[in-house]
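J.: Quick one: the structure is below, and I'll ask about it shortly.
The values are calculated or read from the model by the stated rules, or taken from the named source; none is laboratory data. This is a predicted model, so every value here is computed, not measured. Note: ideal-geometry Cβ built from the backbone for every residue, glycine included; neighbour counts use all protein chains shown.
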Amino acid sequence: MITFVLLGVSALLALIGIFVLTDAGQLLRIGKTTVVVYFRFHIWIMAFSTVLFVVALLLNTQQRVLQPWMITVFAVFLAGCFLATKYLAPYVMFRAKQHHAVYKSVPDALASDYLQPDDTVYVVEYNGVAKTFPQKYLWVSHIFGGDYGGDEVVMTYCVLTNLPVPYVNDLEGKSMDLKVLAQTNNNLLLWDTSSGEIIQQITNTCELSSRKLEPLPVLEMTWKVCQDLFPDGEVLYNPFTNPIERLLSKLMPLDDAHSGERWMFKTVALDDARLPSKEKVIGIKNGADAVAYTRDYLRGRGVVNTRLGTKRIVIAHIPEHDIFVGFNRMKDGEEIEITDVDVFGNAGEHGKLERAFIYNGPMWAVWRHYHPDTQLFQ
């Protein structure tokens, strides 16, 4: 009897990782704290599971209750659970392309008939280099790297939040090697395999050390607008070619994730009816303070000067391109009031403004879940 108890506990410990570190756990509403704690100790948990299996084998040499084929099947089961826990999400289903992303020039991307004029794209401009990321080809890998004038920038995208967040690849002076660890409450948890750190994408917080990453500004626009504004830039070329990408894109279509009121994982607060749960907002945060604007609100006002703690930001709607931009309105130590600014930050007598990071398009229910006290302008 004790042999079977040991095997049962060993199997349970092995199975826990599959539920905690895959999307299966989100169906059970497993929270971030559980995911982070499990990941910190998963090697020890796996080791303990293995020890229990070995002890059961030793007992079996006396009791002879397990047949050789049963031992083989259980060993294969344990190995499968351990491999799935460690490698399924980051290395099989959602393989990051930080180190081997492919980019084409805008003319080459046009010639390949890769995108349609109304497709949503994200543009990251840094060190004088502009790279464009098509939304519909971002979400399976989630993570893409690229050279920006000698600095590596890593673009991350969470499809369940609809949130693009780029970072300079630097964590306290060391390069990161980012993978998709899991997602909790409809937002990515990133895993830096170099340091072991876990990063919550929407908060930019390192969960094991409370360090903060500083995101780079990102613009959302259509592919047609991108051709006009950034004709000399590069475009991520990432058509879904392998079977896993194609399968996931069929099972979880982007339109289903971003429209309607049905949520694949009901792990965010859906009780705030001020906006449809999947309406895409523009957000700003500073510490514990957060503000969200509907796109219609910003379209109606054109230019909004905000104060949020120590931040002084202007958000502008550019009507000819229907895009939203954010800029720092502190200049030479003085707060300035902006009445007109273009997509590149040219603000008349105030000269050129420094671009600021704004949360460009997160869905309302996810934004409010992570910022329950957010102000909303609609």
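J.: Within segment 100-118, track down each residue that is surrounded by fewer than 16 Cβ atoms within 10 Å (Cβ to Cβ), in contact (Cβ under 8 Å) with a residue 60 or more places away in the chain and part of a loop (DSSP other than H, G, I, E, B).
T.: Listed by number, the residues that qualify are VAL102, SER112, GLN116, PRO117, ASP118.
J.: When the residues of segment 363-378 are filtered to those that are among the aliphatic types (A, V, I, L, M) and not in a helix (DSSP H, G or I), which remaining residue is farthest from CYS158 (Cα to Cα)?
T.: Per the stated criteria, the residue is LEU376.
J.: Which of the residues spanning segment 188-219 are closer than 29 Å to GLY233 by Cβ, surrounded by 22 or more Cβ atoms within 10 Å (Cβ to Cβ) and touching a residue at least 60 places away in the same chain (Cβ under 8 Å)?
T.: Of everything in segment 188-219, those that are closer than 29 Å to GLY233 by Cβ, surrounded by 22 or more Cβ atoms within 10 Å (Cβ to Cβ) and touching a residue at least 60 places away in the same chain (Cβ under 8 Å) turn out to be ILE202, VAL218, LEU219.
J.: Right, something else. Residues being closer than 12 Å to ARG368 by Cα and loosely packed, with under 13 Cβ neighbours inside 10 Å: count how many of those fall in segment 262-279.
T.: Within segment 262-279, residues that are closer than 12 Å to ARG368 by Cα and loosely packed, with under 13 Cβ neighbours inside 10 Å number 3.
J.: Give me a count of the residues in segment 280-293 that are of a type in the set (Gly, Ala, Ser) and surrounded by fewer than 16 Cβ atoms within 10 Å (Cβ to Cβ).
T.: 2
J.: Within segment 169-180, does at least one residue satisfy the condition of being touching a His at 6+ places or on another chain (Cβ under 6 Å), outside the structural domain of VAL35 (by TED's automatic domain parsing) and either touching a residue at least 24 places away in the same chain (Cβ under 8 Å) or on the phi < 0 side of the Ramachandran plot (or both)?
T.: Looking for residues that are touching a His at 6+ places or on another chain (Cβ under 6 Å), outside the structural domain of VAL35 (by TED's automatic domain parsing) and either touching a residue at least 24 places away in the same chain (Cβ under 8 Å) or on the phi < 0 side of the Ramachandran plot (or both), one finds at least one in segment 169-180, hence yes.
J.: Additional query: I need the helices (runs of 4 or more DSSP H) fully contained in segment 1-92, keeping only those with at least 3 residues that are closer than 30 Å to LYS179 by Cα, of a type in the set (Val, Ile, Thr) and out of contact with any helix residue (DSSP H, G or I) (no Cβ under 7 Å at 6 or more places or on another chain).
T.: In segment 1-92, the matching helices (runs of 4 or more DSSP H) lie at 32-63.
J.: Any chance segment 150-157 includes a residue that's more than 19 Å from TYR38 (Cβ to Cβ) and among the charged types (D, E, K, R)?
T.: Applying the first criterion (more than 19 Å from TYR38 (Cβ to Cβ)) to segment 150-157 yields 150-157.
With among the charged types (D, E, K, R) added as a condition, the list becomes 151-152.
Within segment 150-157, one or more residues are more than 19 Å from TYR38 (Cβ to Cβ) and among the charged types (D, E, K, R).
J.: A further question on this structure: For segment 241-261, what are the residues that are surrounded by 11 or more Cβ atoms within 10 Å (Cβ to Cβ) and assigned to a helix (DSSP H, G or I)?
T.: Answer for segment 241-261, where residues must be surrounded by 11 or more Cβ atoms within 10 Å (Cβ to Cβ) and assigned to a helix (DSSP H, G or I): ILE244, GLU245, ARG246, LEU247, LEU248, SER249, LEU254, ASP256, ALA257, HIS258.
J.: I need the full set of residues from segment 44-71 which are over 14 Å from GLY8 (Cα atoms) and either acidic (Asp, Glu) or modelled with pLDDT under 95 (or both), in order please.
T.: Scanning segment 44-71 gives LEU58, LEU59, ASN60, THR61, GLN62, GLN63, ARG64, VAL65, GLN67, PRO68, TRP69.
J.: Condition test on ALA316, is it within 17 Å of GLU354 (Cα to Cα) and of a type in the set (A, V, I, L, M)? Spell out the reasoning first.
T.: Details: within 17 Å of GLU354 (Cα to Cα): yes; of a type in the set (A, V, I, L, M): yes.
Against the criterion (within 17 Å of GLU354 (Cα to Cα) and of a type in the set (A, V, I, L, M)), ALA316 qualifies.
J.: Just give me the residues in segment 315-362 being closer than 23 Å to THR222 by Cα, part of a loop (DSSP other than H, G, I, E, B) and hydrophobic (A, V, I, L, M, F, W, C), in sequence order.
T.: Across segment 315-362, the qualifying residues are VAL341, VAL343, PHE344, ALA356, PHE357, ILE358.
J.: Could you give me the residue pairs with C-beta distances under 8 Å whose first residue belongs to segment 364-378 and is closer than 20 Å to LEU160 by Cα, whose second residue is of a type in the set (Phe, Trp, Tyr) and modelled with pLDDT of 95 or more wherever it lies, and which are 6+ apart or on separate chains?
T.: Once the first residue is closer than 20 Å to LEU160 by Cα and sits in segment 364-378, its partners that are of a type in the set (Phe, Trp, Tyr) and modelled with pLDDT of 95 or more give TRP367/TYR359; THR374/TRP367.
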